[in-house]
Amino acid sequence: TRREGFSTIPNVKWEDVGGLVSLRTEFQLHIVLRIKHPELYKNMNLDTGFLLYGPPGCGKTLIAKAVANEAGANFIHIKGPELLTKYVGESELAVRTIFNKARTCAPCIIFFDEVDALTTKRGKEGGWVVERLLNQLLIELDGADSRRGVYVIGATNRREVMDPAILRPGRLGKLLKISLPGPDDRHSILKTLARGKPIDNDDDLLTIAHKKECENLSGADLAALMDGASMVALEENIYEPSTDALEEKIISDLASLHKNPWTIK
Ligand code: ATP
């Protein structure tokens with residue numbers, strides 16, 4: 001099990017992330033280069049807080065880790081809801097501790113997964129516990145000066161329920177949308193996922209990426225398909241599986257795939 005709040009440089013590399021090219025550019029500019037060449041950013045007043053929003057399984061956690069790896073920054077992974085349940089009565093202290101820790105190991109990225117749990121509109125769900133937690137979070141985010149070298153990335157599938165107070169400039173002020181991959185991104189993701197697996201025919205992957213059946217699949221769905229297909233290849237002792245093996249597997253798996261709620265509008 002992962003130790004909550006434990007900081008370390010993640011081992012996810014850029015090449016483990018498929019697609020998401022424009023997001024990558026944004027992070028490169030706003031975090032990676034800034035950490036590597038602080039002198040270039042001296043008099044610029046750029047956000048150090050980001051909100052990644054979009055459907056589940058599209059690589060929010062993955063890209064955040066890759067950014068930290070690329071920047072050589074420490075990474076603190078916090079699950080929003082756990083802050084509320086694991087530290088009952090002490091979640092404000094937990095927030096302070098997280099930021100203190102990040103400062104001592106800067107450059108550091110704090111990743112708040114399911115950040116909406118901490119920031120549902122005040123007075124709505126959650127009540128006073130969430131309200132106090134949110135206030136503490138705002139205090140920490142506002143202390144930008146003492147936050148030097150500390151970047152905060154929040155991730156959510158439910159941006160609409162979030163308190164707008166946290167999305168102001170200077171807080172999680174830079175909003176970055178992440179969407180379900182289109183055919184080209186699916187191809188790129190499949191290529192990424194196929195590395196080291198007994199499936200590596202690029203033409204095949206291209207064909208699959210453009211299949212109608214693959215519309216609306218997230219990166220996580222594609223990863224599940226790829227795992228299934230490589231298991232089949234291994235079981236059947238196929239060292240150079242044909243497209244057909246993968247395709248067949250994908251088509252059959254698609255039927256049983258957990259429906260992505262984002263596709264049901
Ligand atoms: P959630 O909102 O459910 O936390 P998420 O957007 O953070 O989802 P990740 O945890 O980053 O999604 O992705 C889950 C898995 O799906 C990854 O570990 C990876 O195997 C695969 N995956 C998703 N997106 C990509 C991508 N763009 N490139 C490569 N793999 C991907």
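The values are calculated or read from the model by the stated rules, or taken from the named source; none is laboratory data. Please read all numbers here as calculations on a predicted model, not as lab measurements. As a convention, Cβ positions derive from the backbone with ideal geometry for all residues, glycine included, and neighbour counts pool all protein chains shown. Quick note on the areas: whole protein, heavy atoms, side chains included, nothing else; ligands and nucleic acids left out. Shrake-Rupley method; radii C 1.70, N 1.55, O 1.52, S 1.80 Å.
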As an exercise: evaluate PHE27 against (1) in a helix (DSSP H, G or I); (2) over 30 Å from GLU215 (Cα atoms) and give the number of the one condition it does not meet. (2)
Taking the criterion of being at pLDDT 85 or above, within 30 Å of LYS42 (Cα to Cα) and among the hydrophobic types (A, V, I, L, M, F, W, C), would at least one residue in region 190-199 satisfy it? no
Where a residue in region 209-223 is aromatic (Phe, Trp, Tyr) and its partner, wherever it lies, is open to solvent by 90 Å² or more (accessible area, probe 1.4 Å) and within 8 Å of the ligand (Cβ to nearest atom), with Cβ under 7 Å and at least six apart: none
Scan region 58-80 and give yes if some residue there is assigned to a loop (DSSP other than H, G, I, E, B) and within 16 Å of the ligand (Cβ to nearest atom), otherwise no. yes
Within region 58-70, the residues that are within 8 Å of the chain's Cα centre (by Cα) and buried (at least 19 other Cβ atoms within 10 Å of the Cβ) are CYS58, GLY59, LYS60, LEU62, ILE63, ALA64, LYS65
Identity of the residue in region 39-57, in a loop (DSSP other than H, G, I, E, B) and within 16 Å of the ligand (Cβ to nearest atom), that ends up surrounded by the fewest Cβ atoms within 10 Å (Cβ to Cβ): PRO56
Exception for LEU40 within (1) touching a helix residue (DSSP H, G or I) at 6+ places or on another chain (Cβ under 9 Å); (2) of a type in the set (A, V, I, L, M, F, W, C); (3) closer than 24 Å to LEU180 by Cα falls at (3)
